[in-house]
Amino acid sequence: MEGEICNEYKRRVLSIQSHVVSGYVGNKAAVFPLQLLGFDVDIINSVDFSNHTGYPNGWEGSVMDGDTLLKMVDGLERNGLLLSDFPEGEEEFCGKDGDGARIGRIGNVLTGYIGSESFLHSVVTVVQKLKALNPKCRYVCDPVLGDRGKFYVPPELVDIYKKEVLPLADVITPNQFEIEQLTGIDIQTIADAQNACRILHNLGVSLVLITSIIFPGTEINDPIDNTMVEKPGDGTEATPPPNSIGMFVSRRRTQQKTMCQTMQQQNIDSEQEQHCCEEEQYVLYTPKLPGFFTGTGDVCAALCLGWTAELNDHVVDDGLSLGDFLEKLAGTMHAIVQRTAQNALKKQSRYHDDSSRGEKSRKVSSFELKLIQSRDDILQPPRSFRAVKLQ
C-alpha cells in the first residue's frame with residue numbers, strides 16, 4: 001500500500017512555461033507567488049524572450065523544442081533529481097512506498113504557454129513520467145491558447161489538449177476564450193459555464209477554474225468604477241453586475257472520479273451520473289479595471305496550485321472551503337491588477353507623444369504587473385468579494 005508523501009514533496013513544483021527578461025509573464029509571474037507560499041520550484045522555460053510579445057517593437061530570444069525538454073528531464077532523472085533523496089529501506093521516510101522503493105520527489109506540475117505541437121507532446125510524456133514515479137503528483141494545466149477571440153498559439157494545439165493533455169490534468173485554469181475552444185460551448189450564461197466545466201470533468205479533470213468571464217450586458221463604455229463590487233446581501237445572488245469580470249470554479253469529488261468515468265464508458269444515464277459525480281460550483285464577480293494586463297493568468301494558475309495543494313472533499317489548504325479559496329484568489333488578483341493600473345495611470349500622465357514607437361513601448365511597459373509590490377496581498381489575501389455557491 002502506498003504511503004503518504006511528506007509535505008516537503010507535496011510542496012515541490014516543476015513549472016514548464018515561458019520566461020522573459022523584463023516583466024512578469026510565465027515563470028517570471030508564477031515562481032515568486034509559489035515561493036512565497038512555501039513551494040520549491042524547479043523551472044523549465046519553454047521560451048526565453050527579452051520581453052512579452054505584446055510590445056510594438058518586437059522581441060528577441062529562443063524557443064525550446066520538445067526534444068530539448070525531454071533531454072533536460074532525462075538529465076534530472078540520471079542524477080536522481082526526480083526521486084526522493086532518502087535511501088531505500090529508511091522506514092521513517094513517509095514518502096516511501098510499501099516495498100521500500102524511492103518515489104518521485106515532485107508533487108506538482110504546472111504548465112503554461114506552449115507554442116508548438118512537438119513541445120506539447122513532450123510535455124505529455126514528462127507528466128506521464130512524473131505521475132508514474134509519484135501517483136499523487138498533481139498536474140495543474142493553464143491551457144494558454146489565446147484571449148478575446150484571438151489565438152496566441154497554433155489552433156491545432158486545441159485537439160492535442162483535448163485528447164492527450166486534459167485526461168492527465170487534475171486542475172485546469174482556462175480563461176473564457178480557452179474553455180470555449182476546449183469544449184465548443186459559447187459561454188453566455190452561468191448554465192453555459194456549468195455545462196462547459198462538466199465536459200472537462202468528464203475528461204477526468206477534477207477542478208476547473210475559469211479565470212475570467214465577460215457575460216453579455218456587463219460590457220459598457222462608461223468610465224470604469226474601481227470601487228468594490230457589492231457583496232450580495234444573503235450570498236444567493238449570482239447575477240453579474242455591470243463592468244464586472246466573473247470567476248467560476250467547479251470541482252468534481254475526487255473519490256468519485258473513477259466511478260464516474262466507468263459509468264460514462266458504460267453510457268449510464270445522466271441522472272445517475274450526476275448523483276454519482278457530485279459537483280461543487282461557485283461564481284464571483286470583481287470590477288473590471290482599465291488597461292490590458294499580461295501575466296494575470298500565470299499568477300492566477302500559480303496561486304490556484306498553491307492554495308489547492310491540500311484539497312480534499314471538504315476543505316482546501318488551511319481549512320477554507322472551495323468558496324473561500326475563490327474569494328482569496330479574487331481578492332489577491334484584484335489587488336495586484338489594481339496596484340498595476342494605478343501605477344500605469346501615474347506613469348502615463350507623464351507621457352506626451354503617444355504616436356512614437358518609444359512612447360508606445362513605454363505605455364505597454366507601464367502595465368507590467370506590480371507583482372513584487374503585492375507580496376503582502378499574496379501572503380494575506382484581502383477578502384473583498386463574496387463567492388456565491390450555485391445549486
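For this structure, a couple of remarks:
- Test: residue in the stretch 332-342 that is of a type outside the set (Gly, Ala, Ser), over 16 Å from the mean Cα position of the chain (by Cα), at pLDDT below 95 and open to solvent by 30 Å² or more (accessible area, probe 1.4 Å): yes
- Flag if Leu322 is in contact with a Phe, Trp or Tyr (Cβ under 9 Å, 6 or more places away or on another chain), over 21 Å from Lys288 (Cβ atoms) and at pLDDT below 85: no
- In the stretch 62-76, residue most open to solvent (accessible area, probe 1.4 Å) [restricted to those that are in contact (Cβ under 8 Å) with a residue 40 or more places away in the chain and not hydrophobic (A, V, I, L, M, F, W, C)]: Asp67
- Criterion violated by Pro223 - all others in (1) outside any loop (DSSP other than H, G, I, E, B); (2) at pLDDT below 95 satisfied: (1)
The values are calculated or read from the model by the stated rules, or taken from the named source; none is laboratory data. These numbers come from a predicted model, not from an experiment. No Cβ is skipped: glycine too gets one built from the backbone with ideal geometry, and neighbour counts run over all protein chains shown. Accessible surface is based on the protein model in full, side chains and every heavy atom, while ligands, DNA and RNA are left aside. Shrake-Rupley method; radii C 1.70, N 1.55, O 1.52, S 1.80 Å.
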